1. Check Gly106, Gly113, Gly125 and return the single one that is farther than 30 Å from Arg197 by Cβ, outside the structural domain of Glu215 (by TED's automatic domain parsing) and modelled with pLDDT under 75.
2. Where residues in the stretch 132-158 are assigned to a strand (DSSP E or B) and touching a helix residue (DSSP H, G or I) at 6+ places or on another chain (Cβ under 6 Å), which of them is modelled with the highest pLDDT?
3. Regarding Asp153, is this residue out of contact with any Lys or Arg (no Cβ under 7 Å at 6 or more places or on another chain), among the charged types (D, E, K, R) and without any contact (Cβ under 8 Å) to a residue 60 or more places away in the chain?
4. In the stretch 159-168, what residues are out of contact with any Gly (no Cβ under 9 Å at 6 or more places or on another chain) and at pLDDT 90 or above?
5. Would you be able to say whether some residue in the stretch 80-102 is on the phi > 0 side of the Ramachandran plot, at pLDDT 80 or above and small (Gly, Ala, Ser)?
Amino acid sequence: MASGVPLAGLSSQQPPRSWAQIASQATRTIVGSPLYNSEILGKIKASSSQFVRVDNEELDRARMKFQNSLYGKFFGKPPSFEQVKLILMAKWADLGEVCISDLPNGFLLIRCGSHSVMQKLLQDGPWSINAFAKLNTAAIWVQLHNLPVDFWDGDSLESLTAHLGPLLKVDDLTLSLSRSKFARVCIEIDISKPLCRGFRVGDDAHRVFVLVLYERLPIFCYSCGMIGHGSDSCLGVAVG
């Protein structure tokens, strides 16, 4: 029997597919979140009929949490979120309590500790981050593979990564040992110099090699260790 041809007397209309069926097909053909694919998102919406009603009390409570918040958006291609957060927090350090979060589509959520802080920030700024184009440093999340868990406390990590750059933050999952495949730290790295790809830790009797992996790097050359070009176009000298 030929497939795809409806039998006489039977409806050719296919029953609605479940979300699981749509999602499983989407994962085979689309890479990334369906939120950014209108076709897949439309199919998911069409297969979903559940509605959660939010009452006025719930709405008021949600709005109260963000009554001293601002939203920002970049014009043009922005730097990485970690870079943006680093420079803005430094510029706003004297204003008061400010928290910055990244949102989809290049938006920023800026939560202020009080209404006065929000008003001062809104009216006076500063908001410019043009200086990033001239900086040689960047805040980059780094994975330290094969580093013994004995050294996963803040003081040890700061000491062991000092040659990479100033330690800015340690991942909470690393500090709590909730995820122990690798240690994860945010480091201010001089990207004008070759990046360290690994180092040894230990004493005269025992040493282990720690592999260093960098998250969300731009084009990186594994031959010379420099950012800005790939190995196939490298004109420098290979580093060890």
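1. Gly106
2. Our first condition is that a residue be assigned to a strand (DSSP E or B); within the stretch 132-158, this holds for 137-145.
The next check asks that each one be touching a helix residue (DSSP H, G or I) at 6+ places or on another chain (Cβ under 6 Å); those that pass are 138-139.
Working: Ala138: 74, Ala139: 77.
Per the criteria, the residue is Ala139.
3. yes
4. Scanning the stretch 159-168 gives Ser159, Leu160, Thr161, Ala162, His163, Leu164, Gly165, Pro166.
5. As a first pass, look at the stretch 80-102 and keep what is on the phi > 0 side of the Ramachandran plot: 96.
Okay, now just the ones that are also at pLDDT 80 or above, so 96.
Keeping just the survivors that are small (Gly, Ala, Ser) gives 96.
So far as the stretch 80-102 goes, yes, one or more of its residues are on the phi > 0 side of the Ramachandran plot, at pLDDT 80 or above and small (Gly, Ala, Ser).
Residue-wise test of (1) modelled with pLDDT under 75; (2) part of a loop (DSSP other than H, G, I, E, B); (3) of a type in the set (Lys, Arg); (4) at negative phi.
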site: Ser180; (1), (2), (3), (4): no, yes, no, yes
site: Ala183; (1), (2), (3), (4): no, no, no, yes
site: Cys186; (1), (2), (3), (4): no, no, no, yes
site: Leu195; (1), (2), (3), (4): no, yes, no, yes
site: Ala205; (1), (2), (3), (4): no, yes, no, yes
site: Leu217; (1), (2), (3), (4): yes, yes, no, yes
site: Ser223; (1), (2), (3), (4): yes, yes, no, yes
site: Ala238; (1), (2), (3), (4): yes, yes, no, yes
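The values are calculated or read from the model by the stated rules, or taken from the named source; none is laboratory data. Note that the structure is predicted; figures quoted are calculated from it, not measured. Cβ sites come from the backbone with ideal geometry, for glycine too, and all protein chains shown count toward neighbours.
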